[in-house]
Each structure stands twice: as structure tokens, then as C-alpha cells.
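The values are calculated or read from the model by the stated rules, or taken from the named source; none is laboratory data. All figures in this text were calculated on a predicted structure; none of them were measured in a lab. As a convention, Cβ positions derive from the backbone with ideal geometry for all residues, glycine included, and neighbour counts pool all protein chains shown. What goes into the accessible areas is simple: the full protein's heavy atoms, side chains included, and nothing from ligands, DNA or RNA. Shrake-Rupley method; radii C 1.70, N 1.55, O 1.52, S 1.80 Å.
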Amino acid sequence: MPGTLIHHKKFQSEHISPRQVDVWLPPASRPGQPQNFPVLYMHDGQNLFSPSLAYGGVDWGMDEAVDRVSASGQCQAPIIVGIWNSVFRWQEYIPTRPFESETGQQVLAERIDQIGGEPKSDAYLRFLVEELKPFVDANYPTRPGPEHTLIMGSSMGGLVSLYAICEYPQIFSSAGCLSTHWPALDGLMVDYLKSNLPTPGNHRFYFDYGTETLDEAYEPYQVQVDGVMRHAGYQQGRDWLTRKFEGAEHSERAWRQRVD
């Protein structure tokens, strides 16, 4: 495996339960490149590097993907911080604020059993911003500014990545949202985005979806979100990209194939 993978097995937090955090360091910087690295924070961290740990036995192959993309000169290799999920995955990943409206409270009451309880995503984001990021910046060779701080995930991880950049636009400049599980919030996330998207110019968004299994339900929501992006002033292909993958299902295997 290129690079170095470091395990922090029981990372403590005042906001959420302890969990493993993996930090992948890219190989030594190539000549002419800065010695400090951008940082990509990723959810469902156990699925990123090892098939023996990943759901369904297929990992994202993030180390190989970064090596491919950086070797081609498309980007500087980032440090990857993989935050393992917990038994509270749905509660920690489902955005909290969209439920604050009267309609949102009704939707939450209907889905509280599916979610597993009250949303905990605000606490999860406080863990990322107030505890994990300062630790990473203090202990690893990072480029700590927002222009070099990115966040990415799939499914519910796509939702919380989007939520993170909206709630903390001064911390994160870019969000990658693969197979975003829009139905978890019905249309509430679309309404939230209308008032909470960062102003275009300093932020970038990537969305995608397949057409099979769970992904089959995503296109109508994504079309609405694309409309919100346009209305907010984001330009497709410049600071925002949405891609549809025909025949792709909702799985680590599918995300591995297109993570580049």
C-alpha cells in the first residue's frame, strides 16, 4: 500500500462516543510540491483502505485512488482522515437543523424509530471541528486553511458531508457527496439548502448517483438540489458537479469504481 496508515483506536470526544480514527499519509511529497498536505475527512472510515474491514468485503481503495490521481498531476495528494462509524451512524449522520421546522418535526416523529433516536449530527460535527481537526493539524503536516480542508462520504455520509460544509463553511471548502441518501429527509434537505448553502466563489460540491438498488430513488431529489445550486449561483463544471452513473448500485464496489 502506498503511503502510511496510522490508527488512533479509541479517539476520545466530549461530544460523541469514542471511535477509531485512521490517518493515511501520502508518500513523500514529489519535487516542487509543498511538504504540507491538504486534508480530506471521510466518514465510514473502516470502508476506505482494507477489504477485511469494509462492509461487504470491498473497500474504497482510497490510497490507490489518491496515488493514481496525484501521479497524473490532477491534484496534490491529501492526508486522508477516516472516521469510523458507530452504532449511532444514522443519528450522527442525519442533518439536525432541517428537522427544526414544524414540518420537520412531523417528519422526525414519523422516522424516529428508523433513525434510532434524536439526531446527533450537530454533536458529530462539533467533534470534527473542535476536537479532531485541531488534533490532526497539531500532529500531522497539514495545510489547515479551509481551501485545503475537504469532506466526503457516501449515502448518509454524503448527507453529513453536505451538512458539514453548510454549517461550517469557514472550515470546509469542498464536499464530496456520493449516492447521497436524500430520502432519509424527504424534501427537508432541499428546503434547508435554499437558505444555508455557502455563497459561491470559495466552495465546491460534487454529487453523484447510480440508477440501481437504493440509488434508483435519488434522481428526483438530486434534480431539485441541482436547481438550488444553480439558483444560488454555482456553475456546473466550475464549482459544482453532478454526475449520473447508469447501472451503478448503492455499494462500496460502485463508489470504489468512481471515487477518482
**Asked** Of the numbered conditions (1) surrounded by fewer than 17 Cβ atoms within 10 Å (Cβ to Cβ); (2) modelled with pLDDT of 95 or more; (3) of a type in the set (Ser, Thr, Tyr), Ser101 satisfies every one except a single condition; which is it?
**Response** (2)
**Message:** One residue is enough: does the stretch 108-130 have a residue meeting the conditions in contact (Cβ under 8 Å) with a residue 24 or more places away in the chain, assigned to a loop (DSSP other than H, G, I, E, B), of a type in the set (D, E, K, R) and at positive phi?
**Reply:** no
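Scan the stretch 64-94 for residues that are aliphatic (A, V, I, L, M), under 15 Å from the mean Cα position of the chain (by Cα) and within 23 Å of Lys9 (Cα to Cα) and report the count.
Going through the stretch 64-94 one residue at a time, the tally reaches 4.
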**Prompt:** Is there a residue in the stretch 74-86 that is open to solvent by 20 Å² or more (accessible area, probe 1.4 Å), modelled with pLDDT of 95 or more, over 25 Å from Ala184 (Cβ atoms) and in contact with a His (Cβ under 9 Å, 6 or more places away or on another chain)?
**Reply:** no
**Request:** Could you run through the stretch 34-47 and say how many residues are farther than 16 Å from Arg19 by Cβ, open to solvent by 10 Å² or more (accessible area, probe 1.4 Å) and either hydroxyl-bearing (Ser, Thr, Tyr) or under 19 Å from the mean Cα position of the chain (by Cα) (or both)?
**Result:** 3
**Prompt:** If you check Asp59, Asp67, which single one turns out to be closer than 30 Å to Gly145 by Cβ, charged (D, E, K, R) and part of a loop (DSSP other than H, G, I, E, B)?
**Reply:** Asp59
**Request:** Could you run through the stretch 167-184 and say how many residues are surrounded by fewer than 22 Cβ atoms within 10 Å (Cβ to Cβ) and farther than 23 Å from Glu246 by Cβ?
**Result:** 8
**Request:** Identify the single condition in (1) open to solvent by 10 Å² or more (accessible area, probe 1.4 Å); (2) touching a Leu at 6+ places or on another chain (Cβ under 8 Å); (3) farther than 23 Å from Val259 by Cα that Ala138 does not satisfy, given that it satisfies every other one.
**Result:** (2)
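Could you check, for the stretch 48-71, whether at least one of its residues is under 30 Å from Ser195 (Cβ atoms), surrounded by 15 or more Cβ atoms within 10 Å (Cβ to Cβ) and touching a residue at least 24 places away in the same chain (Cβ under 8 Å)?
no
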**Request:** May I ask you to verify whether Asp208 is open to solvent by less than 30 Å² (accessible area, probe 1.4 Å) and either modelled with pLDDT under 95 or closer than 13 Å to Ser155 by Cβ (or both)?
**Result:** yes
**Complete:** Considering residues that are closer than 15 Å to Glu131 by Cβ and either more than 20 Å from the chain's Cα centre (by Cα) or open to solvent by less than 30 Å² (accessible area, probe 1.4 Å) (or both), the number found within the stretch 1-12 is 3
**Lone qualifier among Leu214, Leu188 - being within 23 Å of Ala109 (Cβ to Cβ) and either surrounded by fewer than 21 Cβ atoms within 10 Å (Cβ to Cβ) or more than 11 Å from the chain's Cα centre (by Cα) (or both)** = Leu188
**Fill in**
Of the listed residues (Ser154, Ser173), the one being under 14 Å from the mean Cα position of the chain (by Cα) and free of Cβ contacts under 8 Å to residues at least 40 places away in the same chain is Ser173
**Request:** State the number of residues belonging to the stretch 36-72 that are of a type in the set (D, E, K, R) and modelled with pLDDT of 95 or more.
**Result:** 1
